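A.B. asks: Take this structure, written in structure tokens, and hold onto it; I'll ask about it next.
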Amino acid sequence: MADKATLTYNGKTYELPVVVGTENEAAIDIQHLRAESGLITLDDGYANTGSCISNITFIDGEQGILRYRGYPIEELAEYSTFVETAYLLITGELPNARQLAEFKALLNEHQFIHENMRHHFEGFPADAPPMAILSAMLNTLGCFEPAVARPSDEPNFLASAARLLSKVRAIAAASYRKSMGLPINYPRFDLSYTANFWHLMFCMPNAPCEPDPDIVRALDMIFILHADHEQNCSTSTVRMVASSQANLYASVAAGVCALWGPLHGGANMAVIEMLEGIRARGESVPAFVAKVKDAHARLMGFGHRVYKNFDPRAKIIKQACDRVLSRLGIRDPLLDIAMELEEVALRDPYFIERKLYPNVDFYSGIIMRAAKIPLSMFPVLFAIGRMPGWIANWREVHLNPKARIYRPRQVYNGPTKRPYTMLAARG
Ligand code: CMC
């Protein structure tokens with residue numbers, strides 16, 4: 001493969017180095033292009049811009065491949081746990097038995113949030129969106145632990161990462177409990193990461209309460225499938241904030257805000273709202289799909305910037321959906337609507353031409369509904385799952401000796417220079 005590309009502009013030719021990754025992805029390095037030619041590159045929405053070189057996650061959108069640190073997502077979903085996968089993403093390797101035990105011990109040690117932090121939840125209105133609470137409380141966490149998770153804290157990084165992973169679960173569950181007027185639960189030391197999350201969400205102090213293993217396994221798999229996805233909107237946001245040398249908590253708090261929108265992590269909620277709408281109106285699925293096309297609107301849970309064949313996470317979740325619902329003996333009419341919607345859309349030239357397939361959010365909500373997770377918490381579960389990826393990306397920014405502050409350029413298209421107009425003359 002050629003290691004240089006050439007660009008001719010205004011009669012001059014410029015040689016641009018080509019960078020090739022371990023999976024043979026090639027990129028033209030334009031870092032010196034402006035200095036040499038005065039040109040910048042323009043790529044609205046960063047659809048074809050590599051913002052970094054990363055060792056964490058590989059995606060081949062044409063082939064439907066997703067790997068964390070080289071491991072296929074299908075194998076991680078089948079054999080791994082969220083805690084192991086988090087360790088893999090953060091450190092680069094799967095833990096051995098000793099390392100796993102130590103990491104679990106760290107997660108256990110740091111699972112409580114500061115007692116004073118519990119009062120902060122009282123300041124939010126009962127119907128405050130849990131993603132707003134999560135973002136605010138992650139920044140608050142940084143105030144309670146100012147010494148950790150700074151760029152200079154590398155020797156203790158794993159402990160900092162464990163603190164955040166452990167506490168995000170407690171914060172997420174506390175926001176739900178407060179919204180329901182329920183007492184905030186304390187975590188248990190004898191439960192797995194995900195079982196403990198379920199306990200924090202749902203158990204009452206006055207009744208015996210054991211998490212259902214099928215539900216715990218399904219939620220754990222959802223966390224694994226969401227754990228990283230290279231330079232998506234929220235992860236890029238985390239890296240952007242990290243590049244200014246902001247601390248880990250501030251960076252992931254920004255990531256939560258980016259994730260919140262319905263085109264990103266909020267899509268899982270929007271899918272259920274869409275399916276419920278179809279059901280409530282008694283609408284036929286073909287009629288709904290026709291309406292989406294006529295309005296040039298979005299079928300939520302469909303389409304992806306990178307996957308132009310299928311989203312491998314969606315395949316795994318769809319199979320899990322059938323399995324979980326039948327194990328729990330649940331018949332969810334929204335699953336029938338979702339399956340018909342998928343079938344109709346995948347046969348329709350509009351979706352075929354645009355290479356639109358179900359994405360990770362299309363079926364994940366059905367599993368979360370089966371686990372009794374309230375709708376407003378769906379994006380929060382996405383955020384808990386994505387936390388290891390954000391942490392790994394934050395660390396990668398800080399460990400890069402050549403790291404610079406992220407600072408894209410623009411093409412200015414506003415008014416050209418004009419004299420200031422005095423107030424009296426403005427009409
Ligand atoms: N339903 C109908 N049409 C769509 C959809 C959709 N879900 N997504 C894209 N299109 C159309 C779009 O209207 C455009 O058509 P045209 O060329 O005629 O103007 C074409 O497909 C290309 O769309 P785009 O906006 O250039 O695609 P994008 O890469 O910028 O957007 C996306 C990617 C995920 C934001 C988009 O597909 C979308 O809005 N999907 C629905 C929301 C969703 O499910 N988001 C979750 C994404 S996966 C999890 C995550 O990463 O958060």
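The values are calculated or read from the model by the stated rules, or taken from the named source; none is laboratory data. Everything numeric in this text was worked out from a predicted model, so none of it was measured. FYI the Cβ positions are ideal-geometry reconstructions off the backbone, even for glycines, and counts take in every protein chain you see. Heads up: the accessible areas ignore ligands, DNA and RNA and are worked out on the full protein's heavy atoms, side chains in. Shrake-Rupley method; radii C 1.70, N 1.55, O 1.52, S 1.80 Å.
A.B. asks: Determine whether Arg298 is over 25 Å from Arg354 (Cα atoms) and either surrounded by 15 or more Cβ atoms within 10 Å (Cβ to Cβ) or under 25 Å from the mean Cα position of the chain (by Cα) (or both).
C.D. replies: no
A.B. asks: Let me ask you something else. Return the pair list, or none, for Cβ contacts closer than 7 Å from residues in the range 279-297 that are under 20 Å from Asp332 (Cβ atoms) and at pLDDT 95 or above to residues that are of a type in the set (A, V, I, L, M, F, W, C) and more than 15 Å from the ligand (Cβ to nearest atom), at least 6 apart or on different chains.
C.D. replies: Close Cβ pairs satisfying both conditions: Arg279/Leu334; Arg279/Ile337; Val285/Ile337.
A.B. asks: Next question. Of everything in the range 234-279, what is among the small types (Gly, Ala, Ser), in a helix (DSSP H, G or I), in contact with a Phe, Trp or Tyr (Cβ under 6 Å, 6 or more places away or on another chain) and within 14 Å of the ligand (Cβ to nearest atom)? Give them in sequence order.
C.D. replies: Selection gives Gly255 alone.
A.B. asks: Continuing with the same structure: Can you tell me which residue in the range 160-194 is surrounded by the most Cβ atoms within 10 Å (Cβ to Cβ), limited to those that are in a helix (DSSP H, G or I) and either acidic (Asp, Glu) or over 21 Å from the mean Cα position of the chain (by Cα) (or both)?
C.D. replies: Checking each candidate, the answer is Lys178.
A.B. asks: Something else about it: Being out of contact with any strand residue (DSSP E or B) (no Cβ under 9 Å at 6 or more places or on another chain) and either surrounded by 11 or more Cβ atoms within 10 Å (Cβ to Cβ) or within 21 Å of Asn55 (Cα to Cα) (or both) is the filter here, so list the residues in the range 1-11 that pass it.
C.D. replies: Within the range 1-11, just Tyr9 meets the criteria.
A.B. asks: Still on this structure: Within the set of pairs 6+ apart or on separate chains, which have a first residue in the range 346-365 that is more than 30 Å from Met377 (Cα to Cα), a second that is assigned to a helix (DSSP H, G or I) and open to solvent by less than 20 Å² (accessible area, probe 1.4 Å), and C-beta atoms under 6 Å apart?
C.D. replies: If the second residue must be assigned to a helix (DSSP H, G or I) and open to solvent by less than 20 Å² (accessible area, probe 1.4 Å), no pairs are left.
A.B. asks: Then there is this: Tell me whether the range 369-387 contains one or more residues that are within 12 Å of the ligand (Cβ to nearest atom), within 23 Å of Thr235 (Cα to Cα), outside any helix (DSSP H, G or I) and at pLDDT 95 or above.
C.D. replies: No, the conditions are met nowhere in the range 369-387.
A.B. asks: Only one of these conditions is not met by Asp212: (1) more than 16 Å from the ligand (Cβ to nearest atom); (2) open to solvent by less than 40 Å² (accessible area, probe 1.4 Å); (3) closer than 17 Å to Leu381 by Cβ. Which number is it?
C.D. replies: For Asp212, the failing item is (2).
A.B. asks: Go through Leu356, Leu325, Leu346 for me and flag whichever is more than 8 Å from the ligand (Cβ to nearest atom) and open to solvent by less than 50 Å² (accessible area, probe 1.4 Å).
C.D. replies: Leu325
A.B. asks: Filter the range 12-26 down to residues that are in a loop (DSSP other than H, G, I, E, B) and not hydroxyl-bearing (Ser, Thr, Tyr) and give me whichever is surrounded by the fewest Cβ atoms within 10 Å (Cβ to Cβ).
C.D. replies: Asn24
A.B. asks: Any chance you could count how many residues in the range 249-288 are within 22 Å of Ala227 (Cβ to Cβ) and of a type in the set (Asp, Glu)?
C.D. replies: 0
A.B. asks: Just to be sure, is Arg118 within 26 Å of Arg177 (Cα to Cα) and assigned to a helix (DSSP H, G or I)?
C.D. replies: yes
A.B. asks: Criterion first (more than 16 Å from the ligand (Cβ to nearest atom), at pLDDT 95 or above and either aliphatic (A, V, I, L, M) or within 23 Å of the chain's Cα centre (by Cα) (or both)) does Val411 satisfy it?
C.D. replies: Against the criterion (more than 16 Å from the ligand (Cβ to nearest atom), at pLDDT 95 or above and either aliphatic (A, V, I, L, M) or within 23 Å of the chain's Cα centre (by Cα) (or both)), Val411 qualifies.
A.B. asks: Any idea which of (1) touching a helix residue (DSSP H, G or I) at 6+ places or on another chain (Cβ under 8 Å); (2) of a type in the set (Gly, Ala, Ser); (3) modelled with pLDDT of 95 or more is the one Ala425 doesn't satisfy?
C.D. replies: Here Ala425 meets the rest and fails (1).
A.B. asks: Separate question: Pairs, please: C-beta under 6 Å, at least 6 apart or cross-chain, first residue without any contact (Cβ under 8 Å) to a residue 24 or more places away in the chain and in the range 153-172, second open to solvent by less than 10 Å² (accessible area, probe 1.4 Å) and small (Gly, Ala, Ser)?
C.D. replies: Asp153/Ser160
A.B. asks: Restricting attention to the range 261-303, which residues are on the phi < 0 side of the Ramachandran plot and of a type in the set (Gly, Ala, Ser)?
C.D. replies: Correct list: Gly261, Gly265, Gly266, Ala267, Ala270, Gly277, Ala280, Ser284, Ala287, Ala290, Ala295, Ala297.
A.B. asks: Considering only residues of the range 370-422 that are within 27 Å of Lys167 (Cβ to Cβ) and basic (Lys, Arg), which is surrounded by the most Cβ atoms within 10 Å (Cβ to Cβ)?
C.D. replies: Residue satisfying both the conditions and the ranking: Arg386.
A.B. asks: Tally the residues that are within 11 Å of the ligand (Cβ to nearest atom) and not in a helix (DSSP H, G or I), restricting the search to the range 280-319.
C.D. replies: Counting residues in the range 280-319 that are within 11 Å of the ligand (Cβ to nearest atom) and not in a helix (DSSP H, G or I) gives 15.
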